[in-house]
Amino acid sequence: MKRSGSRPARTTTVSAPLIKECYANFECRLTNASLISKYDLFIWEVVKAHVASSPKYPKTVHYRGQGVFMISGPSISLRKKFKPENL
């Protein structure tokens, strides 16, 4: 975590740390490992969720695979183009 500048935070149900700077953290347990060797697919059960009360529009980091990450961009509102019953 030192290389990324992030700080660890304590968990309550698993041994891996949370990331203090993250908007949301999920404590998970591996529930099905049968597809890992064939498809690299991990089936997790979320046992506890942690969500920050702010910021209102957080920047989020998404893992895209093979060591590539994406940071969310600015939000745009197209609300005026939608009918009220579709909102």
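The table for this structure:
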item	result
His50/Ser77 FRET efficiency (R0 35 Å; Cβ-Cβ; nearest 0.05)	0.80
Relative packing of 19-32, 52-65, which averages over residues the other C-beta atoms within 10 Å, highest first	19-32, 52-65
Given Lys38/Lys59; Lys20/Lys81; Lys56/Lys81; Lys2/Lys38, the pairs whose alpha carbons are separated by over 29 Å	Lys38/Lys59; Lys20/Lys81; Lys2/Lys38
Convex hull volume per residue for the chain, taking Cα atoms only, in Å³	197
Phi-based couplings in Hz for the range 54-63 (Karplus 6.51, -1.76, 1.60; Gly and Pro marked x)	8, x, 5, 10, x, 7, 10, 10, 10, 7
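Only the coordinates and a few stated rules stand behind these numbers; no lab work does. Quantities reported herein were computed from a predicted structural model and do not represent experimental measurements. Positions of Cβ are backbone-derived with ideal geometry, glycine not excepted, and every protein chain shown enters the neighbour counts.
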